[in-house]
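Only the coordinates and a few stated rules stand behind these numbers; no lab work does. Computed from a predicted structure; not experimentally measured. Don't worry about glycine lacking a Cβ; one is built from the backbone with ideal geometry, like all the others, and counts go over all protein chains shown.
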Amino acid sequence: MLSPYMQGSGYVLLHHVMGEVEGKKNAWGYAEGGMGGVSQAIARAAESYGASLHTDCGVSQILVREGRAVGVRLGDGTEILADVVLSNATPKVTFLDLLEEGTLSENFESHIRSIDYTSPVTKINVALRGLPNFSQHLPNAASGSPSPHHQCTIHLNCESTQLLHDAYLPALSGRYSSRPMLELCLPSSLDPTLAPPGCHVASIFSQYTPYHLEGGWTQEARERYAEVVFDSIEDYCPGFKGLVVGKEVLTPPDLERIFGLTGGNIFHGAMSLDQLYLSRMSYLSPAYSSPVPGLFLCGSGAHPGGGVMGSPG
């Protein structure tokens, strides 16, 4: 949640291009079958080593006995005991929501409460009856097959730094821009398992949207915002709105409620320089441990910072 004119905002670009995929530096990749494919691969590997998986059951508490983490209690009251507890939740959820009050020192809790989770992103997932056609610039192939530009990350409403800044300003007063910055991907252009033949799915990161929207994020407000986003895409891709057969609008409060992402922040904390690397949970030593013996962070809230790249934790 920064204007591109603010110092340090350019770092986020560096963070996004520091990795590589199959030897290609600065590249990102799609997981076949969607991001859930990554989780399923980890699950299969874990089970092959004897792990037991418990899903569709929330954790209500991290159990601490005699000063040490000894397991977790599920929502139905079941207790699972362990020598070590690894939390992939945000630091706020881990230390403030799941530990019994009084477990941590006031000083440590104040550190946790000072973490900035502000996020500008509303995510929109879209089901499409056909392949979008950017006909004014790169018309679709006669065969109807995806072209290279469909397989890239497509950025809209950001031809200049000023456009980004203009999209940022309304969020400061609880509103969203009439011309939000959009990052559009069509993963089905590379992975046909995601949609029926001839159909596609689009993944849209849009910003800037405030957590506390003026009037609240009602269902009507979500619909209005989705219309603003689709109108913007239509400017570049005539006919896009006619392809939409379904959508899922995930505002910052939705991302928090559904996925436990505090503040709706997908990186488990703002990606500002004062919260990355040695400053990411810097009061933990080593960087993934906690004041509670046996309890460790292994998610994006840990050093060096967010991203699906395996570095944090």
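What the table below lists for this structure:
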{"item": "Beta bridge orientation in the chain: antiparallel %, DSSP, nearest 5", "result": "90 percent"}
{"item": "5 angstrom amide H check on residue 121, placed H, neighbours 5+ away", "result": "209"}
{"item": "Cβ-based exposure ranking for 42, 124, 204, in which fewest neighbours within 10 Å come first", "result": "42, 124, 204"}
{"item": "Residue-span extension gain [residue 21 to residue 3] - 0.36 nm each, minus C-alpha spacing", "result": "3.5 nm"}
{"item": "Three-way shape call for the range 10-125 based on the alpha-carbon gyration tensor, with the a/c threshold at 1.5", "result": "oblate"}
{"item": "Extension gain (nm, one decimal) between residue 223 and residue 172, 0.36 nm per residue minus Cα-Cα", "result": "16.2 nm"}
{"item": "Computed label-point distance, nm, for sites residue 258 and residue 83 using a 7 Å Cα→Cβ extension", "result": "3.8 nm"}
{"item": "For the chain, built as a Gaussian network whose Cα springs stay under 10 Å, the top-fluctuating residue of 287, 202, 141", "result": "141"}
{"item": "Computed over the range 118-259: relative contact order in percent, which uses C-alpha pairs under 8 Å that are six or more apart", "result": "39 percent"}
{"item": "Sequence-distant lysines (8 or more away, or on other chains) whose Cα lies within less than 24 Å of residue 241", "result": "123"}
{"item": "Footprinting exposure proxy for 161, 122, 103 (fewest neighbouring C-beta atoms within 10 Å first)", "result": "161, 103, 122"}
{"item": "Förster radius 35 Å - calculated FRET efficiency between residue 110 and residue 145 (Cβ-Cβ, nearest 0.05)", "result": "0.05"}
{"item": "Within straight-line cross-link reach of residue 247, aspartates and glutamates at Cα separation under 20 Å, skipping those fewer than 8 residues along the same chain", "result": "183, 191, 220, 223, 227, 231, 234, 235, 256"}
{"item": "Farthest positive-ward along the range 28-122 dipole, Cα basis, beta-carbon charges - from 57, 110, 39", "result": "39"}
{"item": "Nearest-0.05 FRET efficiency for residue 100 and residue 51, computed from C-beta distance (R0 25 Å)", "result": "0.40"}
{"item": "Added length on full extension, which subtracts the Cα-Cα distance from 0.36 nm per residue, residue 248 to residue 214", "result": "10.2 nm"}
{"item": "Coarse-grained scattering of the range 118-259 at q = 0.16 Å⁻¹, given as base-10 log I(q)/I(0) from a Debye sum over alpha-carbon atoms", "result": "-0.84"}
{"item": "108, 259, 95, 296 arranged by Cβ crowding within 10 Å, fewest neighbours leading", "result": "259, 108, 296, 95"}
{"item": "Point-to-point label distance, residue 136-residue 155, nm (Cα→Cβ direction, 7 Å offset)", "result": "1.9 nm"}
{"item": "Residue 278-residue 308 FRET efficiency (beta carbon distance; Förster radius 22 Å; 0.05 resolution)", "result": "0.50"}
{"item": "Between the range 169-231 and the range 96-158, the Cα center-to-center distance that results, in Å", "result": "9 Å"}
{"item": "Mean projected area in nm² (Cα convex hull; one quarter of hull surface) for the chain", "result": "18.5 nm²"}
{"item": "Rg over Rh [alpha-carbon atoms, Kirkwood Rh] for the range 165-209", "result": "1.23"}
